[in-house]
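Okay, structure first, notes after.
The values are calculated or read from the model by the stated rules, or taken from the named source; none is laboratory data. Being a predicted model, the structure only gives us computed values, none of them experimental. Counting neighbours? That spans all protein chains shown, and the Cβs are built from the backbone with ideal geometry, glycine included. Just the protein is used for accessible areas: all its heavy atoms, side chains included, with ligands, DNA and RNA removed. Shrake-Rupley method; radii C 1.70, N 1.55, O 1.52, S 1.80 Å.
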Amino acid sequence: MVKKLLVLGIESSCDETGVALVECEAGSGSEQVPSLLAHALFSQIEMHQAFGGVVPELASRDHIRRVIPLAKEVLAAADRPRSDIDVVAFTRGPGLAGALLVGAGVACALGAALGKPVLGVHHLEGHLLSPFLSEDPPKFPFVALLVSGGHTQLMRVDGVGRYVLLGESIDDAAGEAFDKSAKLMGLAYPGGPLLARMAEAGNPKAYALPRPLLHSGNLDFSFAGLKTAVLVQSQKMVVSQGTDTFDALPRSLQCDLAASVQAAIVEVLVKKSMAALKETGLTRLVVAGGVGANRQLRAQLNEACSKRNVRVHYPELHLCTDNGAMIALAAGMRLQSGHQQASANYSFDVKPRWPLDTL
Ligand code: KG4
Ligand code: ZN
């Protein structure tokens with residue numbers, strides 16, 4: 001009989017503390033997705049808003065406060081005692097070093113106290129596999145578009161741990177482009193979702209903003225130039241309207257700029273994703289990471305994919321941004337595939353920089 005493993009997963013790479021419990025079948029090679037029993041999340045966004053971005057030291061200190069209560073919460077929600085935990089998984093990287101160390105330290109202390117092994121998980125692998133928890137899970141192989149606050153990558157995914165990088169951003173990530181543009185427009189951190197909301201009421205063709213590397217012939221991205229274009233455009237608008245600040249512009253003009261920014265980012269992401277599908281000959285696309293929650297991105301990907309008979313999969317909206325469920329899931333899928341064993345060596349390290357294709 002296949003042994004069931006209860007995996008506790010801890011995410012603490014940036015400004016969200018997430019903990020989750022999944023159950024998987026160790027080394028079974030089963031294609032059944034590990035089941036998510038419970039997950040809990042605490043977002044520090046409000047704390048960092050006062051500073052206009054994530055303050056790493058404050059993030060680490062807050063993870064320390066949250067992680068044990070969240071672990072207790074998921075154990076209670078799943079009605080399992082902590083002695084039932086078979087493996088403790090944690091985000092080993094990439095991310096903020098101090099924040100990662102909190103999750104790794106707690107995971108290893110818990111593992112040592114329970115006499116159970118630990119497993120370090122790649123944060124982006126968590127994002128990439130998170131659509132497996134949706135109602136319409138993908139099947140391997142597929143092209144993955146990873147669009148988070150720190151990364152924009154296209155990967156060819158042939159199975160758990162089988163990742164080939166097809167292209168990536170050479171400067172800012174898509175989420176960063178949303179957030180930096182939003183900041184220039186006076187929106188609070190993280191501005192991506194706020195800018196997206198304003199964009200719904202705007203005209204995406206109002207301002208012609210650059211689409212860098214759109215015709216580069218490769219699958220790389222560049223978003224750094226966009227924020228300069230947004231700065232120049234917003235200054236022009238302030239001068240022509242005779243207002244002192246961007247905030248004082250008529251709301252419709254602000255929404256038009258938001259819609260134009262979103263259109264520029266979305267067009268590049270959609271066109272490069274289609275090029276990646278063409279290049280690989282694959283007919284499945286998986287979108288993951290915080291920007292994957294963007295409605296316009298989803299609408300345009302859906303349209304482009306349906307024209308090409310490509311199936312497209314997304315994580316559930318609440319699992320697009322950082323969470324513990326994706327970390328517990330990635331650990332569960334690795335253990336299940338036989339790709340990796342958990343280790344009882346508790347002398348942990350973290351990897352603030354860690355390319356996914358070196359896994
Ligand atoms: O994946 P994630 O939670 O964090 C990282 O691992 O980086 O992604 C966060 C990013 C932020 O840049 C945030 O502004 C962006 O995802 N984001 C959005 C939306 N929701 C989150 N960007 C555009 N539209 C959204 N609806
Ligand atoms: Zn993330």
inquiry  = Just checking, does segment 85-93 include any residue being farther than 15 Å from Ala20 by Cα and surrounded by 17 or more Cβ atoms within 10 Å (Cβ to Cβ)?
reply    = yes
key: Pairs with Cβ under 7 Å, 6+ apart, first in segment 215-237 and over 17 Å from Ala173 (Cβ atoms), second open to solvent by 30 Å² or more (accessible area, probe 1.4 Å) and in a helix (DSSP H, G or I)   = Leu231/Leu184; Ser234/Leu184; Met237/Leu253
task = Give the residues of segment 17-40 that are buried (at least 21 other Cβ atoms within 10 Å of the Cβ) and either small (Gly, Ala, Ser) or within 16 Å of ligand 2 (Cβ to nearest atom) (or both), sorted by residue number.
result = Thr17, Gly18, Val19, Ala20, His39, Ala40
task = Only residues that are under 29 Å from Gly217 (Cβ atoms) and of a type in the set (Ser, Thr, Tyr): list them for segment 147-202, please.
result = Ser148, Thr152, Tyr163, Ser169, Ser181
task = Kindly list, by first and then second residue, each pair from a residue in segment 164-190 that is among the polar types (S, T, N, Q) to a residue that is open to solvent by 20 Å² or more (accessible area, probe 1.4 Å), limited to pairs with Cβ atoms under 6 Å and residues at least 6 apart or on different chains.
result = Ser181/Lys227
key: Residue in segment 145-168 that is farthest from ligand 1 (Cβ to nearest atom), counting only those that are assigned to a strand (DSSP E or B), of a type outside the set (A, V, I, L, M) and open to solvent by less than 20 Å² (accessible area, probe 1.4 Å)   = Gly159
ask   = Do the conditions hold for Leu249, that is, is it in contact with a Phe, Trp or Tyr (Cβ under 9 Å, 6 or more places away or on another chain), assigned to a loop (DSSP other than H, G, I, E, B), open to solvent by less than 70 Å² (accessible area, probe 1.4 Å) and in the same structural domain as Leu209 (by TED's automatic domain parsing)?
value = no
message = Considering only residues that are open to solvent by less than 30 Å² (accessible area, probe 1.4 Å), part of a helix (DSSP H, G or I) and either modelled with pLDDT under 95 or aliphatic (A, V, I, L, M) (or both), which ones fall in segment 262-289?
response = Ala263, Ala264, Ile265, Val266, Val268, Leu269, Val270, Met274, Ala276, Leu277
